[in-house]
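Take a look at the structure below.
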Amino acid sequence: MTDDILTYTSVKNEMLSGSSLSIDEEPEILSLRPGSISDYIGQSEVVETLKIAIEAAKLRSEPIDHVLFHGPPGLGKTTLAHIIANETGANLTVTSGPALEKGGDLIGILTHLEEGDILFIDEIHRTPKVVEEFLYPAMEDFAIDFVFDKGVNARSHRYRLKRFVLIGATTRVGLLSAPLRERFGIFRTLDFYSEPELVEIARRSAQLLKIEVEEDGASELSRRSRGTPRIINRLLKRVRDYAQVRGDGLINKNTVQEALALEGVDNKGLTNLDRRYIKTIIDFYKGGPVGIEAIAATLQEESDTLVDVVEPFLLKIGFIVRTSSGRKASEEAYRHLGYHIRNGSH
Ligand code: ADE
């Protein structure tokens, strides 16, 4: 069980245990992640909510309310959990819904939390039902109810927990049960970042990585990062490699274009998978509407990957629309992929 849990002591800023690192825990990503709220760029309304909640909790000397973050991958849900831990001086325990297989897994974690400690559950919508049921009294009454024996001999014992803070993250708030959703005092959705915000993030990361990026290089990166800090940081590293090996180390618009052409990232930031997804709708299903399971089957991809990773940005830029009868490709998508459009027909 503990293999899947990363215990993270924010004060020491050091990982105590953990073998399989998720993408968010990779050392390079960690090093670029802002550690304090004042270093955080973008999501201004979310940041304001958190600043107020943290400040108010400090004034009252009590832990903050449980927090639920919702939004596509790579927008900062995990980062914000780390920041809340740092700002409140709390210990952070990181786990995920799928890693909590049995009620005992969660009980083991909950009973070790100290007053004010933070438990971060990533992909909380994938928490098994049996585990979720332990969360209700834990979140509401800071207690766990054990039931011994069965039938007429059944007895229940309530075990008191320390007052902890649960931070949940989900890409699919619709899959969260209503009782769980309602137990979070703070619920915020993270949206895609604007290009100026991404430019600022690229500049900050470039400084931390000690690389030089020209103005037009940072702009080009921001246009190709699908509104996502995790993507701009990853692309920045690929462009750095390219600039050092094929160029003179300097990163400008040209370097970004050449390096990202090799990565299969086009001028709107679409990847091979994005383009295959759109082409499937257009070529196989005459532009749609088509159900997600049919697209997934044709592409031989998991439909969850398409819904969580591919679709949010394509919906955001209006390349696809979701109707009650399925997904459709928009005219902009046809144009972007070089299809001719005549008389409204494709
Ligand atoms: N690195 C990744 N996301 C960031 C953000 N929102 N602000 C600053 N640096 C970041």
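Please check the chain for the longest run free of GluC sites (Glu not before Pro) that are loop-located per DSSP (anything but H, G, I, E, B) and have at most 11 other Cβ atoms within 10 Å.
115-301
Can you give me the long-range amide H partners of Leu68? Hydrogens built in the peptide plane at 1.01 Å from N, cutoff under 5 Å, separation of 5 or more residues or another chain.
Gly168, Ile186, Phe187, Arg188
GNM on the chain, C-alpha springs below 10 Å: top fluctuator among Ser156, Ser96, Ser222?
Ser156
How large is ³J(HN,Hα) for each residue in segment 207-214, as worked out from phi by the Karplus curve 6.51 cos²θ - 1.76 cosθ + 1.60 (θ = phi - 60°), to whole Hz, x for Gly and Pro?
The phi angles translate into 5, 5, 8, 6, 10, 9, 10, 6 Hz.
How big, in percent, is the set of alpha carbon pairs in segment 42-157 lying more than 20 Å apart?
Result for the distance tail: 49 percent.
Rounded to whole Hz and in sequence order, give me ³J(HN,Hα) for segment 89-98 from the Karplus expression 6.51 cos²θ - 1.76 cosθ + 1.60, θ = phi - 60°, writing x for Gly and Pro.
3J(HN,Hα) across segment 89-98, in whole Hz: x, 9, 7, 10, 10, 10, 8, 9, x, x.
Kindly identify segment 272-336 as rounded, prolate or oblate by the Cα gyration tensor criterion: order the square roots of the eigenvalues as a ≥ b ≥ c, call it rounded if a/c is under 1.5, otherwise compare a/b with b/c, prolate if a/b is larger, else oblate.
rounded
Do me a favour and compute the ellipsoid semi-axes for the chain from its Cα gyration tensor, root of five times each eigenvalue, largest one first, whole Å.
Numbers: eigenvalues 308, 147, 57 Å².
So the equivalent ellipsoid measures 39, 27, 17 Å along its semi-axes.
So if I place +1 on the C-beta of Lys and Arg and -1 on the C-beta of Asp and Glu, and nothing else carries charge, what would the dipole magnitude of segment 70-187 be about its Cα centre? I want it in debye, nearest 20.
On the way: 13 positive and 15 negative charges, 47 e Å.
I would put it at about 220 debye.
Skip the ligands, DNA and RNA, and give the accessible area per residue of segment 272-336 with a 1.4 Å probe, whole Å².
50 Å²
Keeping all protein chains in position, work out how much accessible area His157 exposes to a 1.4 Å probe, and write it in Å² to the nearest 10.
90 Å²
Name the residue farthest towards the positive end of the dipole of the chain from the options Tyr159, Leu113, Ala81, assuming +1 on Cβ of Lys and Arg, -1 on Cβ of Asp and Glu, about the Cα centre.
Selected residue: Ala81.
Rounded to the nearest percent, how much of the accessible area of the chain (1.4 Å probe, protein heavy atoms only) is carbon and sulfur?
Carbon and sulfur: 48 percent of the exposed surface of the chain.
Which aspartates and glutamates, on any chain, are close to Lys253 with Cα under 20 Å apart, when same-chain ones fewer than 8 places away are left out?
Hits, sequence-local ones excluded: Glu195, Glu197, Glu200, Glu212, Glu214, Glu215, Asp216, Glu220, Asp241, Glu263, Asp266.
Once the dipole of the chain is set up with Lys and Arg at +1 and Asp and Glu at -1 on Cβ about the Cα centre, which of Gly97, Ser36, Leu299 lies farthest towards its positive end?
Of the candidates, Leu299 comes out farthest on the positive side.
Testing the spin-label approximation: label points 7 Å from Cα along Cα→Cβ at Lys279 and Asp241. State their distance in nm.
Going by the 7 Å Cα→Cβ label model, 2.3 nm.
So what is the calculated 222 nm ellipticity per residue for the chain, using -39500 (n - 2.57) for each DSSP H run with n of 4 or more, over all residues, to the nearest 500 deg cm²/dmol?
Helix-only estimate at 222 nm: -12000 deg cm²/dmol.
Considering only protein heavy atoms, what per residue accessible area in square angstrom results for segment 195-263 with a 1.4 angstrom probe?
Heavy-atom accessible area per residue stands at 50 Å².
Let's see if you can work this out: charge +1 on each Lys and Arg Cβ, -1 on each Asp and Glu Cβ, no other charges. What is the dipole magnitude of the chain about its Cα centre, in debye to the nearest 20?
For the chain, the charge dipole is close to 720 debye.
Only Cα pairs under 8 Å and at least 6 apart count here; give the relative contact order of the chain as a rounded whole percent.
14 percent
The values are calculated or read from the model by the stated rules, or taken from the named source; none is laboratory data. Remember, it's a predicted structure, so these values are computed and weren't measured experimentally. Reconstructed Cβ throughout: ideal geometry from the backbone, glycine too, with neighbour counts over all protein chains shown. Keep in mind that these areas ignore ligands, DNA and RNA; they rest on the heavy atoms of the full protein, side chains included. Shrake-Rupley method; radii C 1.70, N 1.55, O 1.52, S 1.80 Å.
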